[in-house]
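**Q** Shown below is the structure under consideration.
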Amino acid sequence: MKRRVVILGATGSIGESAMRVARALPDRIEIVGLAGRNNIGRLLELGREFPEAVLCAGDESAAERLSRTLGRPVLHGEEGLLTLAALPEADLVLVAIVGTSGLKPALRALETDKDLAVASKEILVMAGELVMATAQKMGGRVLPVDSEHNAIFQCLEGQDPSTVKRLMLTCSGGPFRKAASADLASVTPEQALRHPTWSMGRKITIDSATLFNKGLEMIEAKWLFGMPMDRVDVIVHPQSIVHSLVEFLDGSILAQLGSTDMALPIQYALTYPERFNGPCAPLDLTALGKLEFEAPRTDLFPALDLARRAGTTGGTLPAVLNAANEAAVDAFLAGRLSFPGIWENVARAMDTVPFVEHPTLDQLIEADQAARNIVAS
Ligand code: NDP
Ligand code: MG
């Protein structure tokens, strides 16, 4: 079967990997829509490569320039993303926009009978309950692209959910796995952007250094797999070869292994439930030699405990954690905040923004904005 796919965030790191998958599997994947924001040069190249695809740029003037060069209409802005998400000729929408700007388009995709492939973990942290409820109501699938969740998704195939004891998310530990607490105060953006195993966008690379990435992923797992927080664990695995594991009641543990290449989970999400020979290089375990595992250092990285608290409490708290983290990462990258300032600001926002137990989408958006305001101040 050929899947007709829209990619939101096509000009980013996940977008690039998704393009590699699409190029390798032209009989299986047809690109029908592509959205970027500021990287107009890249969007132009993609528009030329996929002449049938509907394009969306960040703003009107960029869309007009692109449209003149390509000789076809180009959408723009939030409205453009929503139109692309609802494209009648699409079967599946891949949301790979950094942050929460992909939330409304993701909901729109489900509401218009499409499957959703989610890379943007932030939207599940902010509004996982709403996204999963919308998918259930509409009968659409939510296919995880994040490598850990894609691994768990694969391990759970054909298993009885009531036999799952716990999910174990693997974590590289980031560049400061062996650091001393005192070292963290002087970490620069340049140091934090050097991830030991994965090459990714800037925001998620900083999240990987603070371990907020893993914290967000704990909450993401809770919603994707309907698992209580106390059965979502984190285990440090510096090689990033075991992408995650599931432990069952009988003591069996299933794991999924593969190269550190996002093309693999993206391909599984886009072609699910089928498997094909794609662009991902095979894994040579003998060349690798050994796989190591250790407990995470929660004393050094408060992100994990903060995320567990947010995921357990629920309501608006995960949205606050997520938004405060996004704002704090921006401030850190701009040189306005220290590295430990990221989790200090997240904790402050979590303690300050008024809590709502069963929020509407508007209340989630309000809590998100309040958290950003606290970090900005
Ligand atoms: P990048 O920063 O590389 O790319 C982000 C993409 O989103 C770009 O295409 C960018 O467009 C677009 N974008 C940013 N803001 C907006 C907006 N407001 N409206 C529309 N488009 C926007 O990020 P990544 O690809 O690394 O990450 C994307 C998502 O996937 C994140 O949520 C991340 O957590 C998740 N993820 C990423 C992994 C990875 O390996 N990179 C692994 C697992 C999850 P432009 O550049 O044109 O401005
Ligand atoms: Mg991940």
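The values are calculated or read from the model by the stated rules, or taken from the named source; none is laboratory data. Just so you know, these numbers come straight off a predicted model, no measurement behind them. Positions of Cβ are backbone-derived with ideal geometry, glycine not excepted, and every protein chain shown enters the neighbour counts. With ligands, DNA and RNA removed, areas are computed over all heavy atoms of the protein, side chains included. Shrake-Rupley method; radii C 1.70, N 1.55, O 1.52, S 1.80 Å.
**Q** Limited to the range 66-95, what total is found for residues that are open to solvent by 60 Å² or more (accessible area, probe 1.4 Å) and over 26 Å from the mean Cα position of the chain (by Cα)? Before you say what the answer is, go through the steps one by one.
**A** Residues of the range 66-95 open to solvent by 60 Å² or more (accessible area, probe 1.4 Å): 68-69, 71, 73, 76, 78-79, 83, 88-89.
From what is left, the residues that are over 26 Å from the mean Cα position of the chain (by Cα) are 68-69, 71, 73.
Counting residues in the range 66-95 that are open to solvent by 60 Å² or more (accessible area, probe 1.4 Å) and over 26 Å from the mean Cα position of the chain (by Cα) gives 4.
**Q** Let me ask something additional. Looking at the range 177-193, can you tell me whether even one residue there is open to solvent by less than 10 Å² (accessible area, probe 1.4 Å) and over 20 Å from the mean Cα position of the chain (by Cα)? Walk me through it before giving the result.
**A** First, the residues of the range 177-193 that are open to solvent by less than 10 Å² (accessible area, probe 1.4 Å): 184, 192.
Still in the running and over 20 Å from the mean Cα position of the chain (by Cα): 184.
Scanning the range 177-193 turns up at least one residue that is open to solvent by less than 10 Å² (accessible area, probe 1.4 Å) and over 20 Å from the mean Cα position of the chain (by Cα).
**Q** Condition test on GLY174, is it open to solvent by less than 20 Å² (accessible area, probe 1.4 Å) and either free of Cβ contacts under 8 Å to residues at least 12 places away in the same chain or more than 30 Å from ALA331 (Cα to Cα) (or both)? Don't jump to the end; show me each part of the working.
**A** Values: open to solvent by less than 20 Å² (accessible area, probe 1.4 Å): yes; either free of Cβ contacts under 8 Å to residues at least 12 places away in the same chain or more than 30 Å from ALA331 (Cα to Cα) (or both): no.
No: the conditions fail for GLY174.
**Q** Pull out all pairs, ordered by first then second residue, where Cβ-Cβ is under 6 Å, the residues are six or more apart or on different chains, the first lies in the range 366-377 and is under 15 Å from GLY315 (Cα atoms) and touching a residue at least 60 places away in the same chain (Cβ under 8 Å), and the second is buried (at least 17 other Cβ atoms within 10 Å of the Cβ) and not basic (Lys, Arg).
**A** Filtered contacts from the range 366-377: ASP368/ALA319; ASP368/ALA323.
**Q** Could I ask something else about it? With the condition kept exactly as written, say whether any residue in the range 188-197 is within 12 Å of ligand 1 (Cβ to nearest atom), assigned to a loop (DSSP other than H, G, I, E, B) and modelled with pLDDT under 95.
**A** Among the residues of the range 188-197, at least one is within 12 Å of ligand 1 (Cβ to nearest atom), assigned to a loop (DSSP other than H, G, I, E, B) and modelled with pLDDT under 95, which makes the answer yes.
**Q** Restricting attention to the range 309-322, does a residue exist that is more than 20 Å from the chain's Cα centre (by Cα), open to solvent by less than 40 Å² (accessible area, probe 1.4 Å) and farther than 25 Å from GLY12 by Cα?
**A** For the range 309-322, residues more than 20 Å from the chain's Cα centre (by Cα), open to solvent by less than 40 Å² (accessible area, probe 1.4 Å) and farther than 25 Å from GLY12 by Cα: present.
**Q** Please list, ordered by first then second residue, the pairs with beta carbon atoms under 9 Å, 6 or more apart or interchain, first in the range 73-85 and among the β-branched types (Val, Ile, Thr), second open to solvent by 20 Å² or more (accessible area, probe 1.4 Å).
**A** As it stands, the answer is VAL74/VAL54; VAL74/GLU64; VAL74/ARG65; VAL74/SER67; THR83/VAL54; THR83/LEU75; THR83/ARG108, since those pairs meet every condition given.
**Q** Please specify each residue of the range 193-212 satisfying the condition of being touching a strand residue (DSSP E or B) at 6+ places or on another chain (Cβ under 9 Å) and either touching a residue at least 60 places away in the same chain (Cβ under 8 Å) or of a type in the set (Val, Ile, Thr) (or both). Steps first, please.
**A** To start, the set of residues in the range 193-212 that are touching a strand residue (DSSP E or B) at 6+ places or on another chain (Cβ under 9 Å) comprises 208, 211.
Of everything in the range 193-212, just one residue is touching a strand residue (DSSP E or B) at 6+ places or on another chain (Cβ under 9 Å) and either touching a residue at least 60 places away in the same chain (Cβ under 8 Å) or of a type in the set (Val, Ile, Thr) (or both), namely LEU211.
**Q** Let me confirm something: among ALA90, ALA127, which residue is aliphatic (A, V, I, L, M), touching a residue at least 24 places away in the same chain (Cβ under 8 Å) and away from ligand 1 (no atom under 14 Å from the Cβ)?
**A** On the way: ALA127 fails: away from ligand 1 (no atom under 14 Å from the Cβ).
Within the list ALA90, ALA127, the selection yields ALA90.
**Q** Would you say PHE332 is aromatic (Phe, Trp, Tyr), within 24 Å of ALA185 (Cα to Cα) and not in a strand (DSSP E or B)? If you could, list the steps in order and put the result at the bottom.
**A** Details: aromatic (Phe, Trp, Tyr): yes; within 24 Å of ALA185 (Cα to Cα): yes; not in a strand (DSSP E or B): yes.
So PHE332 passes the test.
**Q** Give the residues of the range 198-212 that are open to solvent by less than 10 Å² (accessible area, probe 1.4 Å) and touching a helix residue (DSSP H, G or I) at 6+ places or on another chain (Cβ under 6 Å), sorted by residue number.
**A** Passing the criteria: ILE206, ASP207, ALA209, THR210, LEU211, PHE212.
The rows are residues; the columns are (1) part of a helix (DSSP H, G or I); (2) charged (D, E, K, R); (3) under 25 Å from ALA179 (Cβ atoms); (4) touching a helix residue (DSSP H, G or I) at 6+ places or on another chain (Cβ under 8 Å).
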site: GLY278; (1), (2), (3), (4): no, no, no, yes
site: ALA281; (1), (2), (3), (4): no, no, no, no
site: LYS290; (1), (2), (3), (4): no, yes, yes, no
site: THR298; (1), (2), (3), (4): no, no, yes, yes
site: ALA307; (1), (2), (3), (4): yes, no, yes, yes
site: ASN322; (1), (2), (3), (4): yes, no, yes, yes
site: ALA328; (1), (2), (3), (4): yes, no, yes, yes
site: GLU344; (1), (2), (3), (4): yes, yes, yes, no
site: PRO354; (1), (2), (3), (4): no, no, no, yes
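**Q** While we're on this one: Is at least one residue of the range 248-258 hydroxyl-bearing (Ser, Thr, Tyr) and within 16 Å of ligand 2 (Cβ to nearest atom)? Step through it out loud before you land on a result.
**A** Taking the range 248-258 first, the residues hydroxyl-bearing (Ser, Thr, Tyr) are 252.
Keeping just the survivors that are within 16 Å of ligand 2 (Cβ to nearest atom) gives none.
The answer is no; no qualifying residue exists.
**Q** Restrict the check to the range 249-257 and report whether at least one residue is open to solvent by less than 20 Å² (accessible area, probe 1.4 Å), under 30 Å from VAL93 (Cβ atoms) and at pLDDT 95 or above.
**A** Within the range 249-257 (the criterion being open to solvent by less than 20 Å² (accessible area, probe 1.4 Å), under 30 Å from VAL93 (Cβ atoms) and at pLDDT 95 or above), the answer is no, since none of the residues qualifies.
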